[in-house]
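Structure first, commentary second.
Coordinate-derived values only; no laboratory data. Keep in mind the model is a prediction, meaning the values are calculated, not measured. So basically every Cβ, Gly included, is an ideal-geometry build from the backbone, and we count neighbours across all protein chains shown.
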Amino acid sequence: MNFDPRYSGRSFTSVGTRPIRPDGVDKVTGRARYGADFNMAGQLVGRVLRSPHAHAKIRKIDTSKAEKLAGVKAVITAADLPDLTDGDAAMYDILDNCMARTKALYDGHAVAAVAAVDARTARQALKLIEVDYEVLPHVVDVDEAMKHTAPLLNDAIFTEGLEEKPVKPSNVTKRTQYGHGDIHEGFGQADFVVERSFKTEQTHQGYIEPHACVASVSSDGTADLWVCTQGHFVYRQHCAQLLGMEASKLRVTSSEIGGGFGGKTHVWAEPVALALSRKAGRPVKLVMTRDEVFRASGPTSATSIDVRIGARKDGTITAAEATLRYSCGPYAGMWAEIGAMTAFACYKLDNVRTVGYEVLVNRPKTAAYRAPSAPMAAFAVESAVDELAKEIGMDPVEFRIRNAAQEGTRSSYGPVYGPIGIGPTLEAAKNHPHMKAPLGKNQGRGMACGFWFNFGGQTCTDLNIGMDGSVSLAVGTVDVGGSRASLSLVAAEELGIDYGQVKAVVADTSSLGYNDMTDGSRGTFSSSMATISAARNAIKTLRDRAAQTWDIPIDDVVWEKGHAIAKGEKYGNLAALSLKEIAAASGKTGGPIAGHSELVADGAGVSFATHICDIEVDPETGSTRVLRYTVVQDAGKAVHPTYVEGQYQGGAAQGIGWALNEEYIYGKDGRLQNPGFLDYRIPVCSDLPMIDTQILEIPNPNHPYGVRGVGETSIVPPLAAIANAVSNAVGVRMTHIPMSPPRILAAIEAER
Amino acid sequence: MMPKSAQRFSDKHHGPNEGLALMVEVTLWGSLGALAGGKSKVEIEAKDIRELFRKLAEQYPGLEPLIEKGIAVAIDGTIYRDTWSKELPQGAEIFLLPRLAGG
């Protein structure tokens, strides 16, 4: 990588402004095309048959009657998706999740699929498929699943990470541990100790757009996939591997995306649609219903967490420990491990230990959800931190400031921190007018901190300059939160031209080199780095063309404010050449002008936020109302501040829903009882106040403009901030998320 | 015989870093240590992440599958997941971490 990513400290013209979003008009007029908006001539309708059982052996599947139904063009089972994963356990789990092989592992697990001429025929065909199940005992609760008496999901799983190799299989796939120091010694120094157990229920990312795709496999073995995804290159790799195709023969085009938040980072229905198309010889459109989205696609973990924190009278934390049990669905994950890494990351601790347990349950495969695993850990830790501050008699903000991690602190997950922003967010919160606003009866205020890692990754970008001087920017990171606007600003900044001259698009997988998906808050961080690099390469060509025009050495040409300038007194009579002028003459100076970049963007830098929340609780009904909410977070550099604020607000809004209402509710039969937005209630506009934001800009030293990722950290503090607010409002410590009215009432009544 | 991954890591492209290999202390996270004979810290002579991974795979074959799957390296607190040409500065804290998922 011949690119220097270090922060340059430059000033900006375009970056930091708030132009109109380029995708806005299409989105508000309905012209924007999402996953289900694409159609191909002769396409069939795909539908998936799903297990009604939480846990069952599949003895036999008889598809003969369905195949004979007029209008049915293909029926597939796991036999049509043979195991081509070559020992790749993670891919095998994805394959088994796409189509159950020997066992249905949760209510909603796919067992067969059909492609038919219309939806009615497809639904009829599903009813004609006969599946002979042997129903098995199931377990959906994370604590129950850890018991020795619990039904086993997979008798080939033996817990990893134990000192002694286990002799019996278990639903616990792995134990992990982080920390340093001596917690026994640390607790011995404590004057106050708080010890609590917490639970959080499983939630869905709640993306409004369901999973949707159109797959078309040609008889020559090439294929096209139009799909709603966070990473079309990753989907191409997954699908190619699972279907035994060469990646280059599968072209994947990403649609607009109506939310992903981690739930669209690996394939669900796409290999099924491709397999149906391959068998039917026609394009197949497969769109999940909302019921399917809830029952069979990416929820987050349900958790059970024990926390113990000790501190001296002066407010110094002396020891902290947590045991975190996270549900993974039926497949191994590293969700508790991430919780164990992030739990105490905000604090400077001499003695800390966290232990994580990954637990299999008969629920859908756990997927990433915006800073995955961190919000639940933060809920438990920040609740205990608040309670400890109260016991000591310290202000909760002052207590956190006293113990906040800083440059040089050894993080609870291992490495020593470089420059970090937890202190500034706490100071900003302390000085924010929100902290001093008066509260009324039955109202409470809470605050909490949150941490997330942020990632970079493989990135490839093309920048093409048209003969009219307009600029096309082709990027490979799906735009989930406004990156096309941000990247256009970056291209305009680097080239020294107007934002309106740049048009950014997300290119398909045949048009660009590989790009990692948009996750880990990496979209703008990574692709802006690649855009800067591509623009600088284009500028080199622009200078070369100007040098040719003037017949002078390229080293005598500089690029300033969108113009080539011949430097030195000897060129005093040469008028500067604009980008437009150089582009117009490009046909005669060497052909098209473009800049290309492929790089690995690393060094995204960790991120911190502090949130403040005011809540009013009705003590008669337990219902809650969020009165005021403030987010303070470090963005490094806000490229398009409106989008950054949108990310902060979006994370807070999702966190508010998670904290107060959202949960998967399972019946005794192991079936999901609320797979729809009527019974699984996400916040709507009338539930939310205007969420106030404060952007801090502490430059990331590993990005030329100082940019950090901003998309995920904002969902980490809300569970805890709201729990602290409710606890302060009702005078009872809330330990179970969501704090729905029945839970709040039960907590109040238990205290009476 | 050179391990499979070591062969893959030993290509000649070192990016901008052509400096001398230094002895660096590498801290391993819990479950990784178990695969390195129970050690939580190991000393490796390496100038960049590529050489670090190659020598770790040579000296501790139990680590090879995890290196293949992906390991992140924190250098003075900054996490690198894919930049194998990243130089390991003298006296820097080198910490191996699991490769994490984002949302």
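Annotations
- Counted as membrane-span-like here are DSSP H helices of chain A whose alpha-carbon atoms extend 30 Å or more along the helix's own axis and whose Kyte-Doolittle mean is 0.5 or above; there are none.
- Net charge of neighbours whose Cβ lies under 12 Å from the Cβ of A:SER586, counting Lys and Arg as +1 and Asp and Glu as -1: 0
- Taking amide hydrogens as placed 1.01 Å from N in the peptide plane, the amide H of A:THR13 sits under 5 Å from that of no residue at least 5 positions away in sequence or on another chain.
- Take the Cα of A:ARG6, step 7 Å toward its Cβ, do the same at A:ILE665, and the gap between the two points is 5.9 nm.
- Ranking of A:GLU246, A:GLU270, B:GLU93 by count of other Cβ atoms within 10 Å, fewest first: A:GLU246, B:GLU93, A:GLU270
- Distance in nm between pseudo-label sites at A:ASN464 and A:ASP26 (7 Å out along the Cβ direction from Cα): 1.6 nm
- Charge tally in the Cβ shell below 14 Å around A:ALA340, where Lys, Arg are +1 and Asp, Glu are -1, A:ALA340 excluded: 0
- Taking the convex hull of Cα positions in the range A:522-567, its mean projected area over all directions (nm²): 3.3 nm²
- The range B:19-98, relative contact order in percent, only Cα pairs under 8 angstrom and at least six apart counted: 35 percent
- Paramagnetic label zone (point 7 Å from Cα along Cα-to-C-beta, A:ASP618; backbone N under 17 Å) in the range A:645-683: A:660-661
- Other protein chain Cβ atoms within 10 Å, averaged over every residue that makes up A:410-418: 6
- Counted over the range A:570-650, the DSSP beta bridges are approximately 100% antiparallel.
- Ranked by the mean number of other Cβ atoms within 10 Å of their residues, highest first, the peptides A:211-218, A:321-328 come out as A:321-328, A:211-218.
- Sequence-distant contacts, meaning Cα pairs under 8 Å at least 6 residues apart, place the relative contact order of chain A at 16 percent.
- For the range A:450-457, 3J(HN,Hα) computed residue by residue from phi via the Karplus equation (6.51, -1.76, 1.60; θ = phi - 60°) reads x, 9, 8, 6, 6, 10, x, x Hz, glycine and proline entered as x.
- Order by protection proxy (mean Cβ within 10 Å, highest first), peptides A:586-593, A:705-712, A:351-358, A:727-734: A:705-712, A:351-358, A:727-734, A:586-593
- In the range A:603-689, trypsin sites (Lys or Arg not before Pro) in a DSSP loop with at most 13 other beta-carbon atoms within 10 Å: A:LYS668
- Database remark: amide H of A:GLY161 closer than 5 angstrom to the amide H of A:ARG175 (H placed geometrically; neighbours at sequence offset of 5 or more, or on other chains; Pro and chain starts carry no H).
- Evaluated at q = 0.08, 0.15, 0.16 Å⁻¹: base-10 log I(q)/I(0), Debye formula over Cα of the range A:512-662: -0.46, -0.90, -0.96
- A P(r) calculated from all alpha carbon pairs of the range A:609-687, with 10 Å bins opening at zero, reads 15, 37, 29, 16, 4, 0 percent.
- Legend: residue pairs A:LYS313/A:LYS441; A:LYS264/B:LYS69; A:LYS168/B:LYS41, Cα-Cα distance threshold 24 Å; pairs beyond threshold, A:LYS313/A:LYS441; A:LYS168/B:LYS41.
- Around the Cα centre of the range B:19-98, unit charges on the Cβ atoms of Lys, Arg, Asp and Glu (plus for the first two, minus for the last two) sum to a dipole of about 160 debye.
- Temperature 10 °C, viscosity 1.306 mPa s: under these conditions the Stokes-Einstein estimate for the range B:19-98, based on its Kirkwood radius over C-alpha pairs, is 130 µm² per second.
- Computed [θ] at 222 nm, deg cm²/dmol, chain A (DSSP H ≥ 4; -39,500 (n - 2.57); rounded to nearest 500): -8500 deg cm²/dmol
- Counting neighbouring Cβ atoms within 10 Å and putting the fewest first, the residues A:HIS238, A:HIS736, A:HIS109, A:HIS180 line up as A:HIS180, A:HIS736, A:HIS238, A:HIS109.
- Evaluated over the Cα positions of the range A:75-133, the convex hull gives a direction-averaged projected area, one quarter of its surface, of 4.6 nm².
- Taken along the Cα-to-beta-carbon direction at a fixed 7 Å, the label points for A:SER197 and A:ARG120 span 5.5 nm.
- Förster-model FRET efficiency, 41 Å R0, A:SER218 and A:ASP687, C-beta, rounded to 0.05: 0.30
- DSSP beta bridges in the protein assembly as shown [antiparallel fraction, %, rounded to 5]: 75 percent
- Considered as an equivalent ellipsoid built on the Cα gyration tensor, the range A:669-726 has semi-axes of 34, 17, 12 Å, the largest given first.
- Distance histogram in 10 Å bins (all Cα pairs of the range A:93-231, percent per bin): 7, 20, 28, 22, 14, 5, 3, 0
- With all pairs of different C-alpha atoms in the average, the Kirkwood value for the hydrodynamic radius of the range A:649-752 is 16.1 Å.
- Relative to the compact-globule estimate of 2.2 N^0.38 Å, the Cα radius of gyration of the range A:374-449 comes out at 1.22.
- Across the range A:594-752, C-alpha contacts under 8 Å between residues 6 or more apart give a mean separation that, scaled by the residue count, equals a relative contact order of 35 percent.
- Taking other Cβ atoms within 10 Å as a rough exposure proxy, A:PHE455, A:PHE3, A:PHE677, A:PHE261 sort from fewest to most as A:PHE677, A:PHE3, A:PHE455, A:PHE261.
- Dividing the Cα radius of gyration of the range A:457-598 by its Kirkwood radius returns 1.02 for Rg/Rh.
- Alpha-carbon gyration tensor eigenvalues x 5, square-rooted, for chain A, Å: 43, 38, 22
- Separation of the range A:467-534 from the range A:699-716 is 17 Å, based on Cα centroids.
- At most 16 other Cβ within 10 Å, DSSP loop - trypsin sites (Lys or Arg not before Pro), the range A:105-153: A:LYS147
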